[in-house]
Amino acid sequence: MTHLTRFGLQIPSFTYGDSGPGDSDPESGGLFERVASIATTAESAGFDSVWVMDHLFQIPGIGDVDEPMFEAYTLLGGLAARTRTARLGAMVTGVTYRNPALLAKEVTALDVLSGGRAVLGIGAAWFEAEHRGLGFAFPPLSERFDRLEEALIICRSMFTQDSPSFDGRFYRIQGAINRPRPVHPGGPPILIGGGGERRTLRLVAEHADACNLFGDADTVRHKLGVLTRHCDDVGRDPATVTKTRLGTLVIAETAEAADRKVEALREARGMDEAMVRAMVTAGDPASVVEQVAALFDTGLDGLVFNMPDAHDLTAVTLAGQTLTGAFGTLSADG
């Protein structure tokens, strides 16, 4: 199989929310330039994918609600023009925010603009306050999963068929035309975010090219076992699913400097020790390599990291060079 990513960088808004030159002047583009510089630095340093959050308000525990938050696909279109090799996607698109046929068109447009580098990351959505504030319906979780399944069917069919039709409980298309077509015949790969053992991982086995999980090594190992059982149930080789994990990366030239960064992160987000263990990979380069190796030993194919100090391009460069120096990069067709 072709792996979707080995190392990705997620650029959440807290990395560019502090005031900086030009940020107060919308015409200056200062805010976007900061995001673009993070993306291009990550790409140059060896990250093979760049991701943004699909949120419209800042999320709890990360920053203040009024901090800047770009709409994901507009931002990804801008990054497509600045980057050259990294795959681009939302980690992950909330199914409730867009009609799935429109979403398929948006992701296809991103694919064409980027020369075939788009990924459709998608999930069931969760941030109720955001829905309420912007007027989106927020149905019960079971319905959101039902909508997600229909959206997966529609998006895949619009990526691969000339004029598909679908008549579901929530969504319908009739002879849906999606032109220009995606760059590759199979269309952008589809990644489902989340680790729910009954519905989410089952949908991965049935519909997705990739999954994205959370948690420490033991949690990830367990979730991958569940995914394997779902793949067995539907007659799919689990090796055909790219398995990724999203976490936080804190890296510095020395262990002491990394510890200071972790302590600042803990205080800023109110994280307890258990949360740090489950979510954060931290240390000097040698320690980070050791922790990443343990995560790969669970059976993961790729790791996606957010970096609280991604505005520090030196830290992004150190991260990318450390990871790819120790573990290599994807092959040219990856």
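Summary table
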| read-out | value |
| --- | --- |
| Residue match in segment 78-99 (condition: open to solvent by 60 Å² or more (accessible area, probe 1.4 Å), among the hydrophobic types (A, V, I, L, M, F, W, C) and over 17 Å from the mean Cα position of the chain (by Cα)) | yes |
| Selection count, segment 79-127, where residues are more than 24 Å from LEU31 (Cα to Cα), free of Cβ contacts under 8 Å to residues at least 40 places away in the same chain and of a type outside the set (A, V, I, L, M) | 2 |
| Residues located in segment 42-61, provided they are assigned to a helix (DSSP H, G or I) and surrounded by fewer than 18 Cβ atoms within 10 Å (Cβ to Cβ) | SER44 |
| Failed criterion for LYS223 (all others in (1) of a type in the set (D, E, K, R); (2) within 21 Å of ALA45 (Cα to Cα); (3) under 19 Å from the mean Cα position of the chain (by Cα) hold) | (2) |
| Of residues in segment 142-161 being open to solvent by 60 Å² or more (accessible area, probe 1.4 Å) and out of contact with any Gly (no Cβ under 9 Å at 6 or more places or on another chain), the one nearest to ILE173 (Cα to Cα) | GLN161 |
| Filtered residues of segment 312-332 (kept if surrounded by 14 or more Cβ atoms within 10 Å (Cβ to Cβ) and either at pLDDT below 95 or outside any helix (DSSP H, G or I) (or both)) | ASP312, THR329, LEU330 |
| Of residues in segment 242-263 being open to solvent by less than 10 Å² (accessible area, probe 1.4 Å) and hydroxyl-bearing (Ser, Thr, Tyr), the one farthest from ILE192 (Cα to Cα) | THR248 |
| Residue tally, condition among the aliphatic types (A, V, I, L, M), assigned to a loop (DSSP other than H, G, I, E, B) and closer than 21 Å to ASP167 by Cα, over segment 87-138 | 3 |
| Among the residues listed as ALA239, ALA268, the single one being at pLDDT below 95, surrounded by fewer than 19 Cβ atoms within 10 Å (Cβ to Cβ) and part of a helix (DSSP H, G or I) | ALA268 |
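Quick grid of which residues meet (1) over 30 Å from GLY115 (Cα atoms); (2) open to solvent by less than 30 Å² (accessible area, probe 1.4 Å); (3) small (Gly, Ala, Ser):
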position: GLY186; (1), (2), (3): no, no, yes
position: GLY194; (1), (2), (3): no, yes, yes
position: LEU213; (1), (2), (3): no, yes, no
position: ASP218; (1), (2), (3): yes, no, no
position: VAL226; (1), (2), (3): yes, yes, no
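The values are calculated or read from the model by the stated rules, or taken from the named source; none is laboratory data. In this text, all values refer to a predicted model and were calculated from it rather than measured experimentally. Because the Cβ atoms are built from the backbone with ideal geometry, glycine has one as well, and the counts that use them run over all protein chains shown. The accessibility values were calculated without ligands, DNA or RNA, using every heavy atom of the protein model including side chains. Shrake-Rupley method; radii C 1.70, N 1.55, O 1.52, S 1.80 Å.
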